[in-house]
Every structure is written in structure tokens, then in C-alpha cells.
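To keep things clear, I will list the structure first and then write my remarks on it.
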Amino acid sequence: MLKEFKAFAMRGNVVELAVGVIIGGAFGKIVGSLIDDVITPLLLKPALEAAHLSHLNDLTALGTVKYGIFLSAVINFIIVSFILFLIIKGINAAQKKEDAKASTPAPPPADVLLLTEIRDLLKK
């Protein structure tokens, strides 16, 4: 059983998934900071000034509904989704180029062409 677990854990897919999760977590922190510290305050600054507030956490409705934090989460989701869309679109474009190169068959070798000509002449 230990041998099977080692084989499972060392498969390429598991290792790639682990690396993807770690990089995704780090990327999530970067994007979260960009959104929370740069983009959201810039976009919601007019709303904060109109409400006479200084922090996004203070943007509430009815005293308890923190819709400022919710707006920040929505903006975060939209930006992350758009970035993933661009990454996947780029990967798909690269795969289409690879598929186009692979779909054009290589010309047959010279000896095969010669044998084909001989066969065609023998048929006549």
C-alpha cells in the first residue's frame, strides 16, 4: 500500500497540481493586495467621500451590512476571472498554432516517392 501511495504521489499530475495551488495562492495574495489597496479605493473613493467615510470597512448600510467589503470582493472576482480568461485565451491560441503545424503532413521520403512512381508505372 505504501508503494502504491508513493507511485500516486509522485505522478506528474499530482506534482503539477501542487505547484499550481501554491502559485495560485501567491498570485491570489498579489491580486488581492492590488484590488484591496489600489483599485478598490480608487473606484470607491467617490462613494466613500459622499458618505463622509475614510475606510472601505466603514462603508455600510443600515449600520451592519458592510457592502464596501462586498464590492471589493466582487471587483476582486471580476479581475481574477478576466486575468484567467486572458491566460486561457493565450494558451488556446498557442495550441491552435501547434495544431496547425501538426496537421500539415510531412512530405514522404524520397524512397517512398520513388517506389510510388514505380508502382504507378507497373500498373500502366
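Some notes on this structure:
- The one condition in (1) surrounded by 11 or more Cβ atoms within 10 Å (Cβ to Cβ); (2) modelled with pLDDT under 75; (3) aliphatic (A, V, I, L, M) that LEU17 fails to fulfil: (2)
- The residues of segment 62-85 that are surrounded by 10 or more Cβ atoms within 10 Å (Cβ to Cβ) and either charged (D, E, K, R) or over 18 Å from the mean Cα position of the chain (by Cα) (or both), listed by number, are VAL65, LYS66, TYR67, GLY68, ILE69, PHE70, LEU71, SER72, ALA73, VAL74.
- Hey, ASN76 at pLDDT 75 or above, touching an Asp or Glu at 6+ places or on another chain (Cβ under 8 Å) and not basic (Lys, Arg) or not: yes
- Among (1) at pLDDT 80 or above; (2) under 37 Å from the mean Cα position of the chain (by Cα), the one test that ALA100 misses: (1)
The values are calculated or read from the model by the stated rules, or taken from the named source; none is laboratory data. As the structure is a prediction and not an experimental result, all values here were calculated from the model. Backbone-built Cβ (ideal geometry, glycine too); neighbour counts: all protein chains shown.
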